[in-house]
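Inspection log for the structure reproduced underneath, given as C-alpha cells.
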Amino acid sequence: MGYPKDLLSSRSIIKHGLYALIAPEGLVNNVVPGFENCSMSILGSPKLGASFVDYIITMHEGGKNSEGFCGQEDVESFVYVLEGKVKATAGEEEHVLEGSGYLYCPPGVKMYLENLEAGDSRLFLYKQKYKPLEGRKPWVVSGHANQIEFRDYDDMHNVHIKDLLPADLDFDMNFHILSFDPAASHPFIETHVQEHGAYLLSGEGMYNLDNEWIPVKKGDYIFMGPYVHQAAYAVGREPLAYVYSKDCNRDASL
C-alpha cells in the first residue's frame with residue numbers, strides 16, 4: 001500500500017449500537033479460519049451492535065472454504081455474489097452462482113464456497129442465529145436477483161423492491177434489493193424495531209441515519225440499528241440500489 005499521499009481522513013462513521021457507514025477505502029483484511037486464498041473484511045457484527053455478522057469477501061483464483069461456513073443447529077447463513085462466478089453448496093446441493101446469484105442455508109446446513117473464475121469473485125456474506133417458531137422450519141433457497149422482477153415500493157413508481165427469500169413464517173429474516181430512481185426517496189423517515197445490514201450496489205445518495213444526512217455511494221456498507229431513523233434520497237444519474245437483510249416474522253422478546 002505504501003506511504004500516504006495526503007492527510008489521513010475517512011468518510012466512515014461509527015456510532016456503536018446505533019448505525020455505521022463503513023467506506024471501502026478504510027477496510028482491513030481479517031483472517032477467518034476455513035477460508036483459503038480469500039481477502040475478507042468483517043463489516044457488521046455484535047461488537048458494532050448488530051445481532052448478525054456481515055462480511056465482504058474477495059475470493060482470489062482457487063479461493064474456497066473447504067471446511068464449510070456455519071452449519072450449527074441454530075445458525076443460518078446467506079451469500080450474495082457481487083461479481084464473478086462461484087460454486088455454492090448447501091450440504092449436498094450444488095449451485096453455480098454468477099453476479100446477483102445467492103444462496104440461503106437454514107440452520108444445521110453448512111455452506112461451501114469455491115471460486116470458479118480465473119480471476120477474482122466478490123461476495124457479500126451473512127450469518128445470524130435463527131429464532132425458531134414451533135411447527136416451522138426454513139429450507140435451502142437459491143436464485144439470481146436479476147431474474148426476479150421489481151415491484152413498486154409503497155405504491156411509488158420510482159422506488160422498487162424485490163424479495164430474495166420467501167415471505168413464509170418459516171423464515172425469521174429476509175434479504176431484499178431496494179432501488180431508487182434518480183431523485184427518488186423513501187416516502188417518510190422510518191423508525192422501527194428491525195435492524196439492517198446493507199451493501200450499496202450502485203449509485204449515490206443521501207442517507208438519513210439517526211436524523212443526520214450522510215452522503216453514500218456504491219461500495220459503502222451501512223448498519224442500521226433498531227429504532228434508528230432511516231431514509232434515503234437518490235442523487236446522480238443512475239439508481240441508488242442496495243442489498244440488505246431485515247429481521248421479520250417474529251415477536252419482540254422480553
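The values are calculated or read from the model by the stated rules, or taken from the named source; none is laboratory data. Fair warning: this is a prediction, and the values are worked out from it, not measured in the lab. Cβ placement follows ideal geometry from the backbone for every residue including glycine, while neighbour counts extend to all protein chains displayed. Accessible surface areas use protein heavy atoms only, side chains included; no ligands, DNA or RNA. Shrake-Rupley method; radii C 1.70, N 1.55, O 1.52, S 1.80 Å.
The label point for Asp168 and the one for Lys110, both projected 7 Å from the Cα toward the Cβ, are 2.5 nm apart.
Between Asn249 and Gln72, the simple label model (points 7 Å from Cα in the Cβ direction) yields a spacing of 2.1 nm. With distances taken between every two different alpha-carbon atoms, region 37-146 has a Kirkwood hydrodynamic radius of 14.1 Å. Here region 1-94 is described by how far its Cα atoms reach on the three principal axes: 51, 33, 22 Å, from widest to narrowest. Here the 3J(HN,Hα) profile of region 219-224, calculated from phi with Karplus coefficients 6.51, -1.76 and 1.60 at θ = phi - 60°, is x, 6, 10, 10, 9, 10 Hz, Gly and Pro shown as x. Legend: calculated FRET efficiency, His95 to Ser9, from the Cβ-Cβ distance at R0 = 41 Å, rounded to 0.05, equals 0.50.
Between Asp172, Asp152, Asp181, find the one with the highest GNM mean-square fluctuation for the chain; connect C-alpha pairs within less than 10 Å. Looking only at Asp172, Asp152, Asp181, the biggest GNM fluctuation is shown by Asp152. Put simply, the amide H of Tyr19, placed in the peptide plane, has neighbours under 5 Å in Gly225, leaving out anything fewer than 5 places away on its chain. Using bins of 5 Å that start at zero, the share of Cα-Cα pairs per bin across region 151-254 amounts to 3, 13, 21, 26, 21, 10, 5, 1, 0, 0, in whole %.
Scoring 102-113, 125-136, 80-91 by mean Cβ neighbours within 10 Å over their residues and listing the highest first yields 102-113, 80-91, 125-136.
Could you tell me which residue out of Ala145, Ala118, Tyr130 lies farthest along the dipole of region 111-155 toward its positive end? Charges go on the beta carbon: Lys and Arg +1, Asp and Glu -1, centred on the Cα centre. My answer, from the dipole projection, is Tyr130. Between Ala20, His186, Thr89, the Cα set farthest toward the positive side of the dipole of the chain (charges on each charged residue's Cβ, about the Cα centre) is that of Ala20.
Extension gain for Lys137-Ala23 works out to 37.4 nm (0.36 nm per residue, less the C-alpha to C-alpha distance). Quick one: check the C-alpha center-to-center distance for region 187-206 versus region 139-184, whole angstrom. With region 187-206 and region 139-184 each reduced to a Cα centre, they are spaced 13 Å. Can you work out the FRET efficiency for the pair Lys129 and Lys217, with r the C-beta to C-beta distance and R0 = 35 Å, to the nearest 0.05? The pair Lys129/Lys217 has a calculated efficiency of 0.65. In this simple spin-label approximation, Lys87 and Asp120 carry label points 7 Å from Cα along the Cα→Cβ vector, and these lie 2.3 nm apart. Both the radius of gyration and Dmax for region 94-209 are 16.2, 45 Å, in that order, over alpha-carbon atoms.
Springs between Cα atoms under 10 Å define the GNM used for the chain, and in it the highest mean-square fluctuation of Asn29, Asn174, Asn115 occurs at Asn29. For region 26-33, 3J(HN,Hα) computed residue by residue from phi via the Karplus equation (6.51, -1.76, 1.60; θ = phi - 60°) reads x, 6, 10, 7, 10, 7, 10, x Hz, glycine and proline entered as x.
Structure remark: mean-square fluctuation, Gaussian network model of the chain, C-alpha springs under 10 Å; the largest value among Ala167, Ala234, Ala198 belongs to Ala167. The convex hull of the Cα atoms of the chain, projected and averaged over all directions, covers 14.9 nm².
In order along region 57-66, the Karplus-derived 3J(HN,Hα) couplings, from 6.51 cos²θ - 1.76 cosθ + 1.60 at θ = phi - 60°, round to 10, 10, 8, 7, 3, x, x, 6, 10, 5 Hz, and Gly and Pro are given as x. Between Ile214 and Tyr207, Asn208, Leu209, the built amide H atoms are under 5 Å apart, and every one of these is 5 or more places off in sequence or on another chain.
In a reduced charge model with +1 at each Lys and Arg Cβ and -1 at each Asp and Glu Cβ, region 126-254 shows a dipole moment near 440 debye about its Cα centre. Annotation: region 181-220 has a Kirkwood hydrodynamic radius of 11.5 angstrom, from the mean reciprocal C-alpha pair distance.
Taking Glu61, Glu114, Glu149 and ordering them by how much accessible surface each has at a 1.4 Å probe, largest first, produces Glu149, Glu61, Glu114. Between Val235 and residues 5 or more places away or on another chain, which pairs have amide H atoms under 5 Å apart, with H built 1.01 Å from N, and which residues are they? Amide H neighbours of Val235, under 5 Å, 5+ apart: Ala183, Glu204, Gly205, Met206.
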